[in-house]
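Data first, discussion second: the structure below is written as structure tokens.
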Amino acid sequence: MVVDDAAQEHGVRVVSVEAERVTGAIVWSRWASGEPRLQLEVVHALIREMDEVVAALAEMGAAVIRPIVAQRSVS
């Protein structure tokens, strides 16, 4: 799903994936209804760039971000 600046949601089918670009075809459209019906919860191992990861996940709409210590996590 993609949301545009006009507050419309679009169901998109991925057509191609390249190193710098993803192309899709719109399958359906509707007006955005406010908050998402599903909440994305992400569990992510601690890394040096964790601030960047959290910022990117927040921009993508993650409702919950749970950092964990993994075998190769940084301390």
Near pairs, Cβ below 8 angstrom, 6+ apart or cross-chain, from segment 26-48 (farther than 11 Å from His10 by Cβ) to any residue that is of a type in the set (Gly, Ala, Ser) and in a strand (DSSP E or B): Gln39/Ala63; Leu40/Ala62; Leu40/Ala63; Glu41/Ala62; Glu41/Ala63; Val42/Ala62
Residue within segment 7-15 that is surrounded by fewer than 13 Cβ atoms within 10 Å (Cβ to Cβ), under 18 Å from the mean Cα position of the chain (by Cα) and in a loop (DSSP other than H, G, I, E, B) present: yes
All positions within segment 31-46 that are surrounded by 10 or more Cβ atoms within 10 Å (Cβ to Cβ) and closer than 17 Å to Gly61 by Cβ: Ala32, Pro36, Gln39, Leu40, Glu41, Val42, Val43, His44
Hits in segment 58-75 - residues which are under 28 Å from Met1 (Cα atoms) and not in a strand (DSSP E or B): Ala58, Glu59, Met60, Gly61
Number of positions in segment 47-57 that are surrounded by 12 or more Cβ atoms within 10 Å (Cβ to Cβ) and closer than 17 Å to Val3 by Cα: 1
Selected residue (criterion: modelled with the lowest pLDDT) from residues of segment 16-53 that are within 16 Å of the chain's Cα centre (by Cα) and of a type in the set (A, V, I, L, M): Leu38
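The values are calculated or read from the model by the stated rules, or taken from the named source; none is laboratory data. Here the structure is a predicted model, which means the values were calculated and not measured. Note that we place each Cβ from the backbone using ideal geometry, even for glycine, and neighbour counts take in every protein chain shown.
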